[in-house]
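Report on the following structure.
The values are calculated or read from the model by the stated rules, or taken from the named source; none is laboratory data. Remember, it's a predicted structure, so these values are computed and weren't measured experimentally. So basically every Cβ, Gly included, is an ideal-geometry build from the backbone, and we count neighbours across all protein chains shown.
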Amino acid sequence: MTDTRALAGHLRLHPGRRDGPAISGGRPDWLARLASGRDADTMPTLLGALFSLCADAHRDCARAALRAARGQHESAAEAAVAAQALRLGTAREHLLRLGHELPRRLGTNADAGAAWLRASPPWRDDLDPIARLAALPAWLQQHLLGMSPADWLRRHEAAPDEAVAGWAREQAGRRELDPGSPVHTLAALAPLARALATPGPAALRPGTTDWAALARAMDADAGFCRLPHRPGDAAPDGVPDTGPWCREADAPAQAAQAGASAWSRLGARLVELVRLAGPDGARRLQRGALALGPGDGLAWCEMARGLLLHRVRLETDGRRVAAWQVLAPTEWNAHPRGTLAQALAALPDTGPRSEAARLLALAFDPCVDVEVMADA
């Protein structure tokens, strides 16, 4: 394994494994060594560079945690700018998954998708953030949806379980379809993805998270951020997952997770992209911060892959880092006792297990390299 790969982390998926964890590997805890003693003001930029796949969200979350540790409050103007950046960054990430990651991970030609992606307003460097968001609805209508975002959402809300698959089938037959559109890929994935059940425990949502209890769990267990669990779970067999599907359900109800599938999780990214482009897009993603004590702050935000959390403790001078912890969505979603692991273990001995495992990985979207081990 190269030094870069070792630093970034690596997951191995073992489809059908029942005599051990169906997910092995992970991300090393290099942050504890890297952060200690550093100038705290340099950390947001550094963490954005290190967690480059979701850099904007990590920078914002790090800044918010640092402010909380110093007892500082975010102004209304700062909050508005941060919320806009989070909205735009999340839209960019969803487009990246659809236009680039789907074809890349499935081994298809990604060149057309890359051109489609570069032309999308959130990825255009010649536009300022306000103009990028303003141009997104019309671009989605012309280059992806084939109808207005409002009409598309009405269809989805009328039949949440069927609308995205039906739309993909319809659009795949259009002769004027944009060559880089992910519609053909989505339509091809739908049958298998809908058959891959991914039931899980109550979803991880900001409104149902006890932040102080989570901080205490992080204090009590040095390995908590690598293998998290919901505080209070004595035997954490059911580790919650996090992602846009949780926000789409908009509730932690067990019923919302009981009927989940790889398809509902993949489709939730598209649904959220359309919602972010709409008039209520600015209120779609939650973010917040909490001062836990002098020099001790925690911040969180909902981003493309799920719920992100940063925790910082400062030295007594308020300038140097005593400890910095990051709890990213991947550590929930790729937990060896989590929903993805259970879905992998449940794959039958017959059928396309490797293909199904890759599709499950796409649905949960870990931010590290994934390797599907050979079928046993």
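Do the conditions hold for ARG12, that is, is it more than 20 Å from LEU298 (Cβ to Cβ), part of a strand (DSSP E or B) and touching a residue at least 60 places away in the same chain (Cβ under 8 Å)? So ARG12 fits the description; yes. Filtering region 197-231 to residues that are modelled with pLDDT under 90 and touching a helix residue (DSSP H, G or I) at 6+ places or on another chain (Cβ under 7 Å) leaves PRO199, GLY200, PRO201, ALA202, ALA203, LEU204, ARG205, PRO231.
For ARG92, the requirement of being on the phi < 0 side of the Ramachandran plot, assigned to a strand (DSSP E or B) and either within 22 Å of the chain's Cα centre (by Cα) or polar (S, T, N, Q) (or both) is not met. Criterion first (out of contact with any Ser or Thr (no Cβ under 6 Å at 6 or more places or on another chain), of a type outside the set (Lys, Arg) and within 23 Å of SER75 (Cα to Cα)) does GLY288 satisfy it? Answer is yes for this residue.
From the list ARG353, ARG358, pick out the single residue that is basic (Lys, Arg) and touching a Gly at 6+ places or on another chain (Cβ under 7 Å). The match here is ARG353. Test GLY25 against the stated conditions and say whether it is within 30 Å of ASP349 (Cα to Cα), part of a strand (DSSP E or B) and not aliphatic (A, V, I, L, M). Yes: the conditions hold for GLY25.
Residues in region 35-46 that are among the aliphatic types (A, V, I, L, M) and either free of Cβ contacts under 8 Å to residues at least 40 places away in the same chain or not in a helix (DSSP H, G or I) (or both): LEU46 alone.
Filtered by the rule that a residue be in contact (Cβ under 8 Å) with a residue 24 or more places away in the chain and either under 21 Å from ALA361 (Cα atoms) or in a helix (DSSP H, G or I) (or both), region 208-225 gives THR208, TRP211, ALA212, LEU214, ALA215, MET218, CYS225.
Per the conditions (1) part of a helix (DSSP H, G or I); (2) farther than 28 Å from PRO137 by Cβ, the sole criterion not satisfied by ALA82 is (2).
Can you find a residue that is in a loop (DSSP other than H, G, I, E, B), over 30 Å from ALA187 (Cα atoms) and touching a strand residue (DSSP E or B) at 6+ places or on another chain (Cβ under 9 Å) anywhere in region 47-61? Yes, because at least one residue in region 47-61 is in a loop (DSSP other than H, G, I, E, B), over 30 Å from ALA187 (Cα atoms) and touching a strand residue (DSSP E or B) at 6+ places or on another chain (Cβ under 9 Å). Hey, any hits in region 170-192 for a residue that's modelled with pLDDT of 90 or more and among the charged types (D, E, K, R)? Yes, region 170-192 contains at least one residue that is modelled with pLDDT of 90 or more and among the charged types (D, E, K, R). Applying the criterion of being small (Gly, Ala, Ser) and either surrounded by fewer than 17 Cβ atoms within 10 Å (Cβ to Cβ) or modelled with pLDDT of 95 or more (or both) to the residues of region 56-75, the residue that is farthest from GLY295 (Cα to Cα) is SER75. Residues that are within 20 Å of the chain's Cα centre (by Cα) and of a type outside the set (Phe, Trp, Tyr): does region 67-79 have at least one? No, region 67-79 contains no residue that is within 20 Å of the chain's Cα centre (by Cα) and of a type outside the set (Phe, Trp, Tyr).
For region 64-82, a residue qualifies if it is touching a residue at least 40 places away in the same chain (Cβ under 8 Å) and not aliphatic (A, V, I, L, M), and the qualifying residues are ARG67, ARG70, GLY71, GLU74. Do you know which residues across region 102-117 are surrounded by fewer than 18 Cβ atoms within 10 Å (Cβ to Cβ) and either on the phi > 0 side of the Ramachandran plot or touching a residue at least 40 places away in the same chain (Cβ under 8 Å) (or both)? Across region 102-117, the qualifying residues are ARG105, LEU106, GLY107, THR108, ALA112, ALA114, ALA115.
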